[in-house]
């Protein structure tokens with residue numbers, strides 16, 4: 001599959017708005033930018049959307065590339081382990097050929113100055129809450145790839161989270177999956193350490209629904225692994241509290 005065909009396949013709303021401008025500029029820097037522009041013209045996106053269209057795997061993929069670039073550069077350096085993590089995740093999700101196309105695009109995106117607010121507001125408008133949570137989980141995975149989540153990266157992801165319309169509790173829940181402390185299990189379940197056993201059970205049931213992999217099944221099977229990881233961490237947090245409290 002040519003680069004133009006790859007970028008035109010399965011991508012809908014990200015062909016427009018600020019993300020479309022970023023992708024268009026990056027694609028124009030590559031060998032078949034003209035062909036890519038033809039794919040852009042086929043896009044169904046228009047600024048007149050009044051309802052959220054269904055996010056396709058390609059939309060999620062492109063959103064990941066753009067936000068990954070923001071996070072990787074947030075601590076003032078680009079660690080090779082973080083870049084390797086992005087590549088590894090894309091190979092795992094999309095296969096080697098597609099991930100090679102994606103990484104070509106990523107290198108061009110990485111050269112640009114990106115407005116976090118503009119990009120995130122487009123994603124917030126078009127992407128479901130469950131899909132946005134999955135994006136956040138991936139971004140923390142990138143920041144942790146070098147063995148340490150830098151404070152600048154946390155700050156950047158928090159800003160992104162806010163622009164994406166993700167609550168502080170949801171942000172802290174996903175953050176606790178990567179930065180462990182004595183109350184991480186409580187944070188993951190979005191419950192206070194002073195909560196009663198019944199409140200913890202109720203919180204667990206709520207989080208199971210929120211993080212269930214079926215919530216992002218529309219993105220395709222390639223994204224189920226990441227969703228299952230998030231779901232597993234919720235279950236482990238509950239099992240830890242069960243053991244500690246004798247539930």
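A compact table of results
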item	result
Residue within the stretch 72-84 that is closer than 17 Å to residue 219 by Cβ, over 13 Å from the mean Cα position of the chain (by Cα) and outside any helix (DSSP H, G or I) present	no
Considering residues of the stretch 100-110 that are part of a helix (DSSP H, G or I) and in contact (Cβ under 8 Å) with a residue 40 or more places away in the chain only, the residue farthest from residue 226 (Cα to Cα)	108
Any chance residue 134 is surrounded by 22 or more Cβ atoms within 10 Å (Cβ to Cβ) and closer than 21 Å to residue 55 by Cα	yes
Per-region count, the stretch 193-216, residues in contact with a helix residue (DSSP H, G or I) (Cβ under 7 Å, 6 or more places away or on another chain) and assigned to a helix (DSSP H, G or I)	9
Members of the stretch 136-165 that are in a helix (DSSP H, G or I) and either touching a strand residue (DSSP E or B) at 6+ places or on another chain (Cβ under 9 Å) or closer than 19 Å to residue 209 by Cβ (or both)	136, 137
Evaluation of residue 97 against (1) over 18 Å from residue 83 (Cα atoms); (2) in a helix (DSSP H, G or I) (one fails), failing number	(1)
Residue in the stretch 72-84 that is at pLDDT below 75, touching a helix residue (DSSP H, G or I) at 6+ places or on another chain (Cβ under 9 Å) and over 24 Å from residue 162 (Cα atoms) present	yes
The stretch 185-212, subset surrounded by 19 or more Cβ atoms within 10 Å (Cβ to Cβ) and under 19 Å from the mean Cα position of the chain (by Cα), residue nearest to residue 169 (Cα to Cα)	188
Index of the failed condition, residue 113 passing every other in (1) surrounded by fewer than 16 Cβ atoms within 10 Å (Cβ to Cβ); (2) touching a residue at least 60 places away in the same chain (Cβ under 8 Å); (3) not in a helix (DSSP H, G or I)	(2)
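The values are calculated or read from the model by the stated rules, or taken from the named source; none is laboratory data. All values reported here derive from a predicted model rather than from experimental measurement. Note that we place each Cβ from the backbone using ideal geometry, even for glycine, and neighbour counts take in every protein chain shown.
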